[in-house]
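Below: the structure, in structure tokens.
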Amino acid sequence: GISLMATSTDTNIIAGIKQFQQYINANLPSAYLGTALAVDGSCGPATQTAAVKLVQYKLNQAGASLTIDGGFGTASQQAFSTYVGAIERYDTGVWVYILQGLMYCHAYNPQGFDGSYGVNGGTGLLNAVNLFKSVNKISEGSSGYAGVKTMMCLLWKAPLRVVDDGVYFIKNNYSSKYLHTHNGEIADMTNVYQYSQLSASNGILYLRQLWKIY
């Protein structure tokens, strides 16, 4: 849920994101989408939120009763497990389109946006899914299996980028609160909590911790 947005300079990735943006505009009703996405090849906050809403909308079409709010929370995860289960090699259709689009949004190239998971022998999406799972240390299913753990990572995490060395607050994008270690400790396994950025106690103002990123 931490907002680390990025854009890609890879022309294939940019073209794939544009196709996904067009797909979202065509398949997510305006009642949920609002203003149509700019087809700009950049997977920013608007595209990411719309992608989650599309997932929720398609789950509702399958029988779920989700609030389409753009957050892939517990209810959405359970609905995905119930009504989809997983996206696997040789599948076709809407869920493959979504998986391909999300791969492009995370700068992994599935080598096509056609709603076909290798039916004609292609391995672009298979390789992209396996690499994504390896990088993000996701263990579920067999080769190319995209279950709820993979979808959680695709729909909760923004595209990865290198963060410049510096000192930062770390804000949870969903709770709007800031990370703070228990009693300012630094030992391994120290608990990390979330608080408002500024709070008062016994007349003393407390500002949440800054984190040095190296």
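Listed highest first by mean packing, meaning other Cβ atoms within 10 Å per residue, what order do 17-24, 198-205 come in? Intermediate values should be presented prior to the final figure.
Numbers: 17-24: 21.8, 198-205: 7.5.
The peptides rank, most packed first, as 17-24, 198-205.
Provide the descending list of Cα extents for region 53-170 along its principal axes, expressed in whole angstroms.
Sorted from largest, the Cα extents of region 53-170 read 45, 36, 24 Å.
Quick one: P(r) of the chain from all Cα-Cα pairs, 10 Å bins, percents rounded to integers, in order of increasing distance.
8, 30, 33, 19, 9, 2, 0
Taking all protein chains together and a probe of 1.4 Å, list E185, E140 from the most accessible to the least accessible.
Working: E185 85, E140 30 Å².
My answer, sorted largest first, is E185, E140.
Determine the calculated [θ] at 222 nm for the chain from helices alone, applying -39500 (n - 2.57) to every DSSP H run no shorter than 4 residues and normalising by the residue count; nearest 500 deg cm²/dmol. Each step should come with its number before you reach the end.
On the way: 7 runs with 82 residues, N = 214.
The helix-only estimate for the chain comes to -12000 deg cm²/dmol at 222 nm.
Apply the a/c threshold of 1.5 to the C-alpha gyration tensor of region 2-100 and tell me whether it is rounded, prolate or oblate. Intermediate results must be reported in sequence, preceding the final value.
Values: a/c = 1.71, a/b = 1.39, b/c = 1.23.
Since a/c reaches 1.5 and a/b is larger than b/c, the shape of region 2-100 is classed as prolate.
Any idea of the accessible area per residue across the chain, 1.4 Å probe, to the nearest Å²? Don't jump to the answer; show the numbers that get you there.
On the way: 11700 Å² over 214 residues.
Accessible surface, normalised per residue, equals 55 Å².
Within the accessible area of the chain, what % is carbon and sulfur when the probe is 1.4 Å and the other protein chains stay in place? Walk me through the numbers before you get to the answer.
On the way: 5910 of 11700 Å².
After summing per-atom areas, the C and S share lands at 51 percent.
Using modelled backbone amide H atoms (1.01 Å from N, in-plane), which distant-in-sequence or interchain residues come within less than 5 Å of G41's amide H?
K18
Quote the accessible area belonging to Y83 in square angstrom, nearest 10, computed with a 1.4 Å probe and with ligands, DNA and RNA left uncounted.
Around 100 Å² of this residue is reachable by solvent.
Could you tell me which of the pairs K18/K58; K133/K177; K177/K212; K53/K171; K58/K171 are separated by over 25 angstrom between their Cα atoms in the structure shown? Intermediate values should be presented prior to the final figure.
Details: K18/K58 20 Å; K133/K177 28 Å; K177/K212 18 Å; K53/K171 23 Å; K58/K171 30 Å.
Where the Cα-Cα span goes over 25 Å, the pairs concerned are K133/K177; K58/K171.
Whole Å is fine, so just give me how far the alpha carbon centre of region 102-143 lies from that of region 67-95.
Rounded to whole Å, the Cα centres lie 16 Å apart.
If you look at just the Cα atoms of region 153-214, how large are its Rg and its Dmax in Å?
13.6, 43
How much length would be gained if the chain were fully extended between D40 and D10, taking 0.36 nm per residue of separation minus their Cα-Cα distance, in nm to one decimal? Can you show the working numbers first?
Numbers: separation 30, 0.36 × 30 = 10.80 nm, distance 1.33 nm.
Separation in residues times 0.36 nm, less the Cα-Cα distance, equals 9.5 nm.
Trypsin sites (Lys or Arg not before Pro) within region 46-141: which are DSSP loop residues with at most 11 other Cβ atoms inside 10 Å?
Numbers: sites: K53, K58, R89, K133, K137; in loops: R89, K137.
Sites meeting the loop and neighbour criteria: K137.
The values are calculated or read from the model by the stated rules, or taken from the named source; none is laboratory data. Just so we're clear, the structure is a prediction, and the values are computed from it rather than from any experiment. A quick note on method: Cβ atoms are made from the backbone with ideal geometry, for glycine too, and the neighbour counts reach across all protein chains shown. Quick note on the areas: whole protein, heavy atoms, side chains included, nothing else; ligands and nucleic acids left out. Shrake-Rupley method; radii C 1.70, N 1.55, O 1.52, S 1.80 Å.
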